[in-house]
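The values are calculated or read from the model by the stated rules, or taken from the named source; none is laboratory data. The model shown is predicted, which means the values in this text are computed figures rather than measured ones. A quick note on method: Cβ atoms are made from the backbone with ideal geometry, for glycine too, and the neighbour counts reach across all protein chains shown.
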Amino acid sequence: MFKQNLVIDLISGLAVGAFIGYFLDGKFDTSPWMLLFCTIFGTAGGFYNAYKDLMRDIKKEEEQKK
Amino acid sequence: MSNPLEQFKLHTLVPVEIAGYDLSFTNSSAFMVLTMFAILLLLGLSVKNIAGRPSRMQAMGEMLYELIDGMIMGTAGEKGKKYIPFMFSLFLFILTCNLLGMIPYTFTVTSHIMVTFVMGATVFVGVTIIGFARHGLHFFSYFLPQGTPAAMAPLMVFTELFAYMVRPVSLSVRLAANMTAGHIVMKVIAGFVTMFPLFAIFPFALLTFLTGFEIFVAVLQAYIFTILSCVYLSDAINLH
């Protein structure tokens, strides 16, 4: 189907990771490590989401072809 | 050429202020009310004279129900059956809001990220609460998939946690971005029609195709929102 969901998953993963990292930096004064840490894990989470969505799309297309 | 962003402006129709908060009735609220009446009209007509041999409207209502039923059965399974009313309402609301926005001079409710974020956050919070209510603290075992080696466990947990928290944002931003981008592109190309009086037929033809494409995107985005909500629900109920 439409693959633009995957791009939005990646981008929002990065954005949410950066946002949470920035917010936690403000609370615990551990800048810039929290921002870095959370951005990296947020991006990883976004990639993980995109991978899951892609696998689900491929499985759906295979089921429809049968 | 008019400003393409002008169409997303909120106009206050009935100013209402409660306890210092601005809860005015805007054109966004007016279109949500219109959406609700459109859905009630559609569903009311479909259940009007229920017969064993269904009329066309009744068949359409039944097809809509079977669509949502198929979505829930395909993802959550039998345990998800009691959430069909919620998914049905969600799907019909987003679909009707998107499609009403395709009519010229109307306002697209779902193009505002506030609206879509509330819907996405409702699904996210609701699904998390359902997961905790059903599984208790065992719900946290969702974040550690089976078969991960012990060395990678902290990494996996963090990644899973972030992926879980990213989901409402991606759900809501997807819908808002698709609607906003589609409408802006349509407005810009429509501006081209009046700017070039000699070659006006080319942007106009493109605008025709684009309108058809936007209707497809409207229906598709409603479907994607609902099916992803069903997937998150099944994740919480079945814990993978």
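Taken across the range B:154-166, residues that are within 27 Å of B:Phe124 (Cα to Cα), without any contact (Cβ under 8 Å) to a residue 12 or more places away in the chain and part of a loop (DSSP other than H, G, I, E, B) do not occur at all. Is it true that some residue in the range A:16-37 is within 11 Å of another protein chain (Cβ to nearest Cβ), among the charged types (D, E, K, R) and surrounded by fewer than 18 Cβ atoms within 10 Å (Cβ to Cβ)? Checked the range A:16-37: no residue is within 11 Å of another protein chain (Cβ to nearest Cβ), among the charged types (D, E, K, R) and surrounded by fewer than 18 Cβ atoms within 10 Å (Cβ to Cβ). Take the conditions of a type outside the set (Ser, Thr, Tyr), within 9 Å of chain B (Cβ to nearest Cβ), closer than 22 Å to B:Ile224 by Cβ and surrounded by fewer than 15 Cβ atoms within 10 Å (Cβ to Cβ) and apply them to A:Lys60. Does it pass? The answer is yes for A:Lys60. Could you go through the range B:123-136 and let me know if any residue there is in contact with a Ser or Thr (Cβ under 8 Å, 6 or more places away or on another chain) and under 16 Å from B:Val231 (Cβ atoms). Yes, the range B:123-136 has at least one match.
Kindly evaluate B:Leu198 against the criterion of being of a type outside the set (Gly, Ala, Ser), more than 24 Å from A:Gly13 (Cα to Cα) and either facing another protein chain (nearest Cβ under 9 Å) or part of a helix (DSSP H, G or I) (or both). Criteria not met by B:Leu198. A count restricted to the range B:74-92 and to residues that are touching a Gly at 6+ places or on another chain (Cβ under 9 Å) and more than 16 Å from B:Gly131 (Cβ to Cβ) stands at 1. Does B:Pro168 qualify as being closer than 29 Å to A:Ala18 by Cα, buried (at least 16 other Cβ atoms within 10 Å of the Cβ) and modelled with pLDDT under 90? In short, yes. Does any residue in the range B:200-225 that is of a type in the set (Gly, Ala, Ser) come within less than 7 Å, Cβ to Cβ, of a residue that is surrounded by 14 or more Cβ atoms within 10 Å (Cβ to Cβ) and part of a helix (DSSP H, G or I) six or more places away or on a different chain, and which pairs are these? Correct list of pairs: B:Ala200/B:Val193; B:Ala218/B:Asn98; B:Ala218/B:Leu99; B:Ala222/B:Phe91; B:Ala222/B:Ile94; B:Ala222/B:Leu95; B:Ala222/B:Asn98. Counting the residues of the range B:194-211 that are touching a helix residue (DSSP H, G or I) at 6+ places or on another chain (Cβ under 8 Å) and within 23 Å of B:Lys9 (Cα to Cα) gives 3. The residues on offer are A:Leu54, A:Leu10, and the sole one that is part of a helix (DSSP H, G or I) and more than 11 Å from every other protein chain (Cβ to nearest Cβ) is A:Leu54. Taking the range B:186-205, which residues are within 25 Å of B:Phe8 (Cα to Cα) and surrounded by fewer than 16 Cβ atoms within 10 Å (Cβ to Cβ)? Scanning the range B:186-205 gives B:Val188, B:Gly191, B:Thr194, B:Met195, B:Phe204, B:Ala205.
Checked against the criterion of being touching a helix residue (DSSP H, G or I) at 6+ places or on another chain (Cβ under 9 Å) and small (Gly, Ala, Ser), the candidates B:Gly80, B:Gly70 yield just one match: B:Gly80.
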